[in-house]
Amino acid sequence: MTRLLNNKTASHKLTMALTLAVAATCNVAQANPITGALGEIKPLADVRVRYEWVEQAPAPGTTTPSTTANAINARARLGFETGKAWDTSLLVEGEFLTPLESNFRSDNAVPGFTQYPVVADPEAYELNRFTLTNTSITNTTLTLGRQRINLDDQRFVGNVGWRMNEQTYDSLRAVNKSFDNKLTTDVTYSNRVNRVYGPDSPQGVYKGDFELINVAYQFGLGKLTAFDYLLHFDPLLNSDFPGLTAAQATPLNPARVSTQTWGARFAGAKSVGKIKLAYIGSYAKQEDYGSNPTGNFDNSYYLGELTGTFRQWTLGGGIERLGGDGTRGFATPLATLHKFQGWVDKFLTTPDRGIKDTYATGTYAVKGVGPFETIAFTLMYHDYVSTRQDVSYGHESNAQVAAKWQRLTTTVKYGDYGIGTPIRAIQTNAATVLTDTKKFWLQFDYLW
């Protein structure tokens, strides 16, 4: 009995000592906010390995053989985010992108490897994000530094997350939520865009003055958003692209896409019986802005999309139209382009005669299959036509399987673009001719 009492006494003393130690630590953290913030550090880890295969037919009318690219790249984004000191947290993240198989052209602004199609994943080791985030103002978040910005569906402003090296913005961003979080006002000023080509590329950085204004109100049936994006790019001269001809360098000058784009978007969902309907409608107008050297222009954009989900099945379709006046097409230089107009990426620049994309999509998703938490199968089809003169730009088929196991996601993806029969050259821009192209991806993502 005496031994038991002694054990209880020792245990009580140990418990008291631990309690006092924790209390002392808390008092120190309260006395020193920096110590408290450092004590709440969270690691960041985003690792991806991807194999990409591209087969591209020669330009119609030429005797050049088909070209094939094989790219294997490994990318790690590693960093940390602290807790808050004086309502301010710090995020630091580096990005490390290494090619393991480099039979591809990583940058169309750099001469060399021109026998291969472009796979825009150049080797890069850089600071990806570095931000201070402050929440001291009621209902407002201020973020200063190099950051990721995705607005709405990323059609006009995004981080280009599909590419291995994401797009980030050196900027000051203010987001305010009011009226019970129904009204969101999102305003950003940026003077530098860090693009997917990396800091060593002639087109890896866009500088200028960029104002992004996005105001949204949540109604019962959906969210109504009004936006105004003013993009004034500093010019890049032909001499900034050594090794390229003037015809190759001129279209790469970002001043050519200095634009003001304003419009509205409505997106929502509603259950009709056992079917959940989702709908999107968007309209935008675009004009030249700043020191755009191409002169005055005025193009429009619209999107209409409807999808229905019943149990594991989702079917939908839509029409997206980007106008062109015959000289300039509707420009989206900051968009996450891979999300739109097919995965083969044949229309990263809108054709001068515009483009209308009529598409259909279907997804089947299941849970708890073997070791996988979820498996999703997706099919898509696109038909492309110019907005002027109804010239066919061909069609594209896409297929994807994505499976998630804990923190690991495996993706198998395929895209097949064809310009149709009879095969003929279609001049879409000064230096672009459409050709039959097939792409295949095998990708592994680990996110911590």
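General observations
- Accessible-area order (highest first, 1.4 angstrom probe) of the listed residues LEU322, LEU244: LEU244, LEU322
- Accessible area per residue was computed with a 1.4 Å probe on protein heavy atoms; SER271 scores about 80 Å².
- Taking every protein chain into account, the accessible area of the range 55-147 amounts to 48 square angstrom per residue (probe 1.4 Å).
- With the alpha-carbon atoms of the range 252-297 aligned to their principal axes, the span from lowest to highest coordinate is 54, 19, 12 Å, starting with the largest.
- Euclidean distance of C-alpha centroids, the range 177-241 and the range 88-110, integer Å: 21 Å
- Hull volume per residue, based on the alpha-carbon atoms of the chain and their convex hull, is 205 Å³.
- About its Cα centre, the chain has a charge dipole of approximately 1680 debye under the convention of +1 per Lys or Arg Cβ and -1 per Asp or Glu Cβ, with nothing else charged.
- Placing a pseudo-label 7 Å from each Cα along the Cα-to-Cβ vector at ASP180 and ASP240 gives an inter-label distance of 4.9 nm.
- Percentage relative contact order, the chain, counting C-alpha pairs under 8 Å, at least six apart: 11 percent
- Vicinal HN-Hα couplings computed from phi for the range 40-54 (Karplus, 6.51 cos²θ - 1.76 cosθ + 1.60; Hz; Gly/Pro x): 10, 4, 10, x, 10, 9, 9, 10, 9, 10, 9, 9, 10, 10, 10
- Over the chain, dividing the summed -39,500 (n - 2.57) contributions of all DSSP H runs of at least 4 residues by the number of residues returns a 222 nm mean residue ellipticity of -3000 deg cm²/dmol.
- Among ILE213, ASN70, VAL369 the positive-end extreme of the charge dipole of the chain (Cβ point charges): VAL369
- About the centre of its Cα atoms, the range 151-207 shows a dipole size close to 100 debye [charges on the beta carbon of Lys, Arg (+1) and Asp, Glu (-1) only; nearest 20 debye].
- Surface accessible to a 1.4 Å probe, TYR289 within the full protein complex, Å²: 60 Å²
- Karplus 3J(HN,Hα) series, Hz, for the range 302-318 with 6.51 cos²θ - 1.76 cosθ + 1.60 (x for Gly, Pro): 8, 9, x, 9, 9, 10, x, 10, 10, 6, 8, 9, 9, 10, x, x, x
- Surface share of carbon and sulfur [accessible, 1.4 angstrom probe, percent] for the chain: 60 percent
- Figure note: ARG173, ARG311, ARG388 ranked by solvent-accessible area, largest first, 1.4 Å probe, ligands and nucleic acids not counted: ARG311, ARG388, ARG173.
- Candidates ILE275, ILE355, ILE419, ranked by Gaussian network fluctuation over the chain, Cα under 10 Å, top entry: ILE275
- Sorting ARG407, ARG148 on solvent-accessible area from highest to lowest, probe radius 1.4 Å, gives ARG407, ARG148.
- Take every pair of alpha-carbon atoms less than 8 Å apart whose residues are at least six positions apart; their mean separation over the length of the range 317-448 yields a relative contact order of 20 percent.
The values are calculated or read from the model by the stated rules, or taken from the named source; none is laboratory data. Keep in mind the model is a prediction, meaning the values are calculated, not measured. So basically every Cβ, Gly included, is an ideal-geometry build from the backbone, and we count neighbours across all protein chains shown. Note: areas computed on protein heavy atoms with side chains; ligands, DNA, RNA excluded. Shrake-Rupley method; radii C 1.70, N 1.55, O 1.52, S 1.80 Å.
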